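Single-structure report; data block below.
The values are calculated or read from the model by the stated rules, or taken from the named source; none is laboratory data. Quick caveat, the model's predicted, so the values are computed rather than measured. Here Cβ is always computed from backbone atoms with ideal geometry, including for glycine, and neighbour counts include all displayed protein chains.
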Amino acid sequence: MIAPQKSWAILTLKGLPPPPLGKAYQLWAMANGQKVYCAEFKPDPRGQVLLEIPVENWAGTPMVSITLEDEGTIPAETSEMVINGTVI
């Protein structure tokens, strides 16, 4: 969810498996034909994510993706997408 009058979005996911040790999920957006790093996160013990994310560089994107990366390698996307979605 992106709030048009605000400078943030809310990422919410359910049923996300915990990442392997030393790994974290990273959210990416497509903006002007380029992938833009948005956030690094891990789900809670129930597999849920509720995260407020600044949208300064990607507010108008139609698509986002999530990769599983080495923790703290921001912003170095090296893995394949594990989740792909559209912004609604």
Practice item. Take the residues in the range 24-38 that are closer than 17 Å to A9 by Cβ and either among the charged types (D, E, K, R) or surrounded by fewer than 20 Cβ atoms within 10 Å (Cβ to Cβ) (or both), then tell me which one is farthest from the chain's Cα centre (by Cα). Key: A31
Exercise for review: Assess whether V49 counts as being buried (at least 17 other Cβ atoms within 10 Å of the Cβ), touching a strand residue (DSSP E or B) at 6+ places or on another chain (Cβ under 6 Å) and at pLDDT below 85.
Suggested key: no
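Among the residues of the range 52-78, how many are aliphatic (A, V, I, L, M) and at pLDDT 75 or above? Spell out how you get there, then give the answer.
Going residue by residue through the range 52-78, those that are aliphatic (A, V, I, L, M) are 53, 55, 59, 63-64, 66, 68, 74, 76.
Those left that are additionally at pLDDT 75 or above: 53, 55, 63-64, 66, 68.
Matching residues across the range 52-78 total 6.
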